[in-house]
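Encoded as structure tokens, the structure appears first; notes follow it.
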Amino acid sequence: MLAKTLELVTEARQHGVAVGAFNTYSLELTQAILGAAEQLKQPAILQLGVASVKTGGEPLVKATVLAAQNASVPVAVHLDHCADLDMIERCLAWGCASALADGSHLSFEENILLTRQAAALASSYGATIEAELGYLAGTEDGVTIEAIKASLTHPEQARTFVEATGASMLAVAIGNVHGFTPNPPPLDFELLSQIASQVDVPLILHGASGLGKESIQHAISLGVAKINVNTEVRTAFLTAIAAWGQRVGPTPDVRRRGQDWLDLMREATAAARAVVTEHMQTVAMMA
Ligand code: 13P
């Protein structure tokens, strides 16, 4: 059933758990995520990135929303990392319940302006805005430990920022990075609790791939209520495709068992679903 992101996240926080938010690129990845959520009887958030929305457009967004609607558990659809108000509005009109208005590369004042505009827009659709303060580095940035440290969320600035923007959820930078990073610094849990003491809105942790169960659960215990996972799930899907290709060889014979489209998708979906299941158990604070 289609749910609102903020309601799922708020309820999770009340129960001392988090909602898993997983990026999807296709119907198969959506099915992997929903299959895990339905099996565990847990809510979930399906996230679409800007590149996916540019590629798949309205059909992709609406198919994702329809899949969420048909699920047996509450599922919200969210637009991830978007600095374009027009795209945010299109996605809200197509059924997304929330968007991350990403002004983290902007100056503090410009970030406030973008986020405030997005929050006003979202409220006219009965939707909500996740904001990001502090810059979240990614592997594509050739990230260094110094760069990560320089970009962390400042607790008092976070309070001013949330009050000035009307954002409903806040993505924090506490040493987390997008993608797999060799030897990432440990998360700054002291900083996370300082941020949590300054703002009332639920906190969001990006870059959960490769973080490990203990770090994720520690962050949840300090007030994080939405955990974003992308790279690990996508990598599992692609690794399964690569293994299938090696096994089947350069010229698939679609008449043979295991060599057709649905066979490949079944294997890749199962691999992604296993990774989603593991993360969902982690965010539900299962031992
Ligand atoms: P990872 O790719 O590191 O899991 O990060 C996902 C994310 O934060 C999406 O917004």
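The values are calculated or read from the model by the stated rules, or taken from the named source; none is laboratory data. This structure is a prediction, so every number in the text was calculated from the model and none was measured. Here the Cβ positions follow ideal geometry from the backbone for every residue, glycine too, while neighbour counts run over all protein chains shown. Please note that ligands, DNA and RNA were not included when accessible areas were found on the heavy atoms of the full protein model with its side chains. Shrake-Rupley method; radii C 1.70, N 1.55, O 1.52, S 1.80 Å.
Structure summary
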read-out: Positive-end residue of ALA171, HIS105, GLN69, charge dipole of the chain with Cβ unit charges; value: GLN69
read-out: The chain: angle of helix 231-248 to the longest principal axis, Cα-based, in degrees nearest 10; value: 10 degrees
read-out: Alpha-carbon gyration tensor eigenvalues x 5, square-rooted, for segment 169-266, Å; value: 40, 13, 9
read-out: Solvent accessible area, Å² - TYR25, 1.4 Å probe, full protein context; value: 90 Å²
read-out: THR64, THR231, reordered so the largest accessible area comes first (probe 1.4 Å); value: THR231, THR64
read-out: Convex hull volume of segment 1-82 per residue (C-alpha atoms, cubic angstrom); value: 77 Å³
read-out: Estimated [θ] at 222 nm from DSSP helical runs (n ≥ 4, -39500 (n - 2.57)) normalised by residues in the chain, nearest 500; value: -16500 deg cm²/dmol
read-out: Sites GLN157 and ALA287 - FRET efficiency at Förster radius 30 Å, r taken between beta-carbons, to 0.05; value: 0.25
read-out: Bins of 5 Å, starting at 0 and running to the largest distance - Cα pair percent for segment 218-262; value: 5, 17, 17, 14, 11, 9, 7, 6, 7, 6, 2
read-out: Listed residues VAL162, ILE220, ALA208: farthest to the positive end of the dipole of segment 142-237 (Cβ charges); value: ALA208
read-out: Accessible-area ranking of TRP244, TRP94, largest first, probe 1.4 Å; value: TRP94, TRP244
read-out: Acute angle (nearest 10 degrees) that the helix 189-198 long axis makes with the longest principal axis of the chain, alpha-carbon atoms; value: 60 degrees
read-out: Positive-pole candidate from LEU264, GLY95, THR181, dipole of the chain, charges at beta carbon; value: LEU264
read-out: Gaussian network model of the chain, springs between alpha carbon atoms under 10 Å - residue of ASP80, ASP102, ASP253 with greatest fluctuation; value: ASP253
read-out: Accessible area in square angstrom per residue, the chain, 1.4 angstrom probe; value: 45 Å²
read-out: Net charge of neighbours whose Cβ lies under 14 Å from the Cβ of CYS91, counting Lys and Arg as +1 and Asp and Glu as -1; value: -4
read-out: Paramagnetic label zone (point 7 Å from Cα along Cα-to-C-beta, ARG266; backbone N under 18 Å) in segment 31-55; value: 31-33, 35-36
read-out: Convex hull (Cα only) mean projected area of the chain, reported in nm² to one decimal; value: 15.0 nm²
read-out: Residue order for VAL233, VAL275 - accessible surface, 1.4 angstrom probe, largest first; value: VAL275, VAL233
read-out: Pairs of alpha carbons in segment 212-287 whose separation is greater than 17 Å (percent); value: 54 percent
read-out: Within the accessible area of the chain (1.4 Å probe), percent carbon and sulfur; value: 55 percent
read-out: For segment 57-182, convex hull of alpha carbons as volume per residue, Å³; value: 124 Å³
